[in-house]
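Undergrad: Below is one structure. I have some questions about it.
The values are calculated or read from the model by the stated rules, or taken from the named source; none is laboratory data. Predicted model, so just to flag it, every value in this text is computed and none were measured. Glycine also receives a Cβ, built like all others from the backbone with ideal geometry; neighbour counts cover every protein chain displayed. Please note that ligands, DNA and RNA were not included when accessible areas were found on the heavy atoms of the full protein model with its side chains. Shrake-Rupley method; radii C 1.70, N 1.55, O 1.52, S 1.80 Å.
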Protein chains: 2
Amino acid sequence: MTADRIFEALASQPRRKILAYLSAQELTAGDIASRFEMSAPAISRHLSVLETAGLVHSERRGQFVFYRLNKDNLVNTLTSFTFEICPVASALKRESRKRASLKPST
Amino acid sequence: MTADRIFEALASQPRRKILAYLSAQELTAGDIASRFEMSAPAISRHLSVLETAGLVHSERRGQFVFYRLNKDNLVNTLTSFTFEICPVASALKRESRKRASLKPST
DNA sequence: TAAATAGTTAACTATTGTGTTAATTGATTA
DNA sequence: TAATCAATTAACACAATAGTTAACTATTTA
């Protein structure tokens, strides 16, 4: 199950902070590392945890490796978990779907 | 920071499963333990992690301890994190607020 | 091609998390 | 009040995290 890896990835403050940084713009591994007290290798491993979880994507451009956020994966996992846990929200969602099917694009 | 404890609590499959069980109804510690392969003490500790994070509430009634979900805390944390990470959603939220202030109850 | 820069991987250490069984606390009942 | 049932706490073992420094790979540039 991939939700497993995602929640695991989110269980670390530095990793959540990395995601927040990446929410604004793509950044190189070095850019990210410079925002923390930690060593570069430590950041590199955090990035690899995030990438394995499918939360970020990396791309090498010349000397640099750019990281960017994979919003869909994160948002989907968190909202679907929220709905699973919170039947009220789930009921609202069903209600919303029903309305949509009765009266398209409103 | 309490989001810390919440994400930490969510980083465990058994604990997420417990939350899912509790989303349907309140349960005693024993009810919950019986749904897992694990020993009762192990479940008891998972429950205490969830309670410390503010995700569940426990109440002793006679011989039993009943657990129930604290939905607000969970939903608030997850959605606010989602908005933090996903500026698009955040922009939508702002937009939505603006509309609401211009044209109440629509 | 040698040196420098960016980043990751390797090897290691310390700490934390998660499970076990045994002992303990609290409440009920024979 | 002794026995039983529900649940937690204690003590321990083992695996996994998360950090460190050192070594390595890839790319650029003098």
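Undergrad: Can you give the accessible area of residue B:67 in Å² (nearest 10), computed on protein heavy atoms with a 1.4 Å probe?
TA: We get 20 Å² for residue B:67.
Undergrad: Length gain on complete extension for the stretch residue B:13 to residue B:31, per 0.36 nm per residue less the alpha carbon to alpha carbon distance? If you can, show how the numbers build up before the last one.
TA: Details: separation 18, 0.36 × 18 = 6.48 nm, distance 1.77 nm.
Gain on stretching residue B:13 to residue B:31: 4.7 nm.
Undergrad: Under a cut-off of 15 Å between alpha-carbon atoms, report the aspartates and glutamates in cross-link reach of residue B:17, not counting same-chain residues fewer than 8 places apart.
TA: A:4, A:8, A:84, B:8, B:26, B:31, B:37, B:51
Undergrad: Of A:34, A:80, which has the most accessible area and how do the rest follow, probe 1.4 Å? Intermediate values should be presented prior to the final figure.
TA: Details: A:34 90, A:80 70 Å².
Ranked from most to least accessible, the order is A:34, A:80.
Undergrad: Residue A:65: accessible area at probe 1.4 Å, nearest 10 Å²?
TA: 40 Å²
Undergrad: Continuing with the same structure: Averaged across the residues of A:17-28, what count of C-beta atoms belonging to other chains lies within 10 Å of each residue's C-beta? Don't skip to the answer; put the middle values down first.
TA: Numbers: counts 0, 0, 4, 3, 0, 1, 7, 1, 0, 0, 0, 0.
Per-residue shielding by partner chains comes out at 1.
Undergrad: Okay, next question. Chain pair A, B: how much accessible area is buried, both chains summed, with a 1.4 Å probe, in Å² to 100?
TA: 2100 Å²
Undergrad: First measure r as the distance between the Cβ atoms of residue A:42 and residue B:44, then evaluate 1/(1 + (r/R0)^6) with R0 = 35 Å and state the FRET efficiency to the nearest 0.05.
TA: Values: r = 34 Å, r/R0 = 0.97.
Given R0 = 35 Å and the Cβ-Cβ separation, E is 0.55.
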